[in-house]
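For reference, the structure is listed below as structure tokens.
The values are calculated or read from the model by the stated rules, or taken from the named source; none is laboratory data. Bear in mind that the values here come from a model prediction, so they are computed numbers and not experimental data. Reconstructed Cβ throughout: ideal geometry from the backbone, glycine too, with neighbour counts over all protein chains shown. The protein model used for the area step is the full one, side chains on, heavy atoms only, and it has no ligands, DNA or RNA in it. Shrake-Rupley method; radii C 1.70, N 1.55, O 1.52, S 1.80 Å.
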Amino acid sequence: MVKQQSMAIRSATPEDINRCCELLTLLFEQEAEFTPDPENQKKGLLLILENPSSGTVLVYEDNEKGCIAGMVVMLYTISTALGKKVVLLEDMIVDPVYRSQGIGSQLLHHAVNLAKNIGSGRITLLTDENNENAFDFYNKNGFRRSNMVVFRKIISSTQ
């Protein structure tokens, strides 16, 4: 656990899911490809929390106010290119009330250290192609743009 005054970074618990869904709503409202759906977000978060080998949900908690100020989801997979675990960084969001206080950088730093501690060789993340603020933030924190291009196919259970 990382502490700064009355703040702490910790792993999320099932009791945190409602607040995490509120934060995900903020995130998905600003992303072009996603639409907030609290029921789906709850299902997804529970899948991660109930299967720790699939990932970790980190939250940044303001203990003084009893509120989660930000979160990041780390999903684990394996790279055959590297021959080791890798992390897909998903759903990073800091509540607008708490922005510009270094919380995002602290969450990201904690995620990188956790990835190192579990033997990961890489962290990959996606952001909207026109999100210059995110580009600046991730560059400032040591991430570099990849030449890889994302392709996606939505698989529906009705197909």
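Which one is nearest to Glu90 (Cα to Cα), of the residues in the stretch 123-140 that are out of contact with any strand residue (DSSP E or B) (no Cβ under 7 Å at 6 or more places or on another chain) and among the hydrophobic types (A, V, I, L, M, F, W, C)?
My answer is Leu126.
Output the qualifying pairs, or none if there are none: Cβ atoms under 7 angstrom, residues six or more apart or on different chains, first residue in the stretch 138-159 and open to solvent by less than 90 Å² (accessible area, probe 1.4 Å), second residue of a type in the set (Gly, Ala, Ser) and not in a loop (DSSP other than H, G, I, E, B).
Asn141/Ser105
Condition first: among the acidic types (Asp, Glu) and in contact with a strand residue (DSSP E or B) (Cβ under 6 Å, 6 or more places away or on another chain). Now tell me which residues in the stretch 38-62 satisfy that.
Glu61, Asp62
Looking at the stretch 50-65, can you tell me whether even one residue there is touching a helix residue (DSSP H, G or I) at 6+ places or on another chain (Cβ under 7 Å), surrounded by fewer than 14 Cβ atoms within 10 Å (Cβ to Cβ) and not in a helix (DSSP H, G or I)?
Looking for residues that are touching a helix residue (DSSP H, G or I) at 6+ places or on another chain (Cβ under 7 Å), surrounded by fewer than 14 Cβ atoms within 10 Å (Cβ to Cβ) and not in a helix (DSSP H, G or I), one finds at least one in the stretch 50-65, hence yes.
Is there any pair linking a residue in the stretch 85-109 that is within 21 Å of Glu31 (Cβ to Cβ) to one that is surrounded by fewer than 21 Cβ atoms within 10 Å (Cβ to Cβ) and basic (Lys, Arg), with Cβ under 8 Å and at least six apart or on different chains, and which?
If the second residue must be surrounded by fewer than 21 Cβ atoms within 10 Å (Cβ to Cβ) and basic (Lys, Arg), the pairs left are Val87/Arg122; Ser105/Lys140.
Can you find a residue in the stretch 62-76 that is of a type in the set (Ser, Thr, Tyr) and under 24 Å from Ala115 (Cα atoms)?
Yes, that holds for at least one residue.
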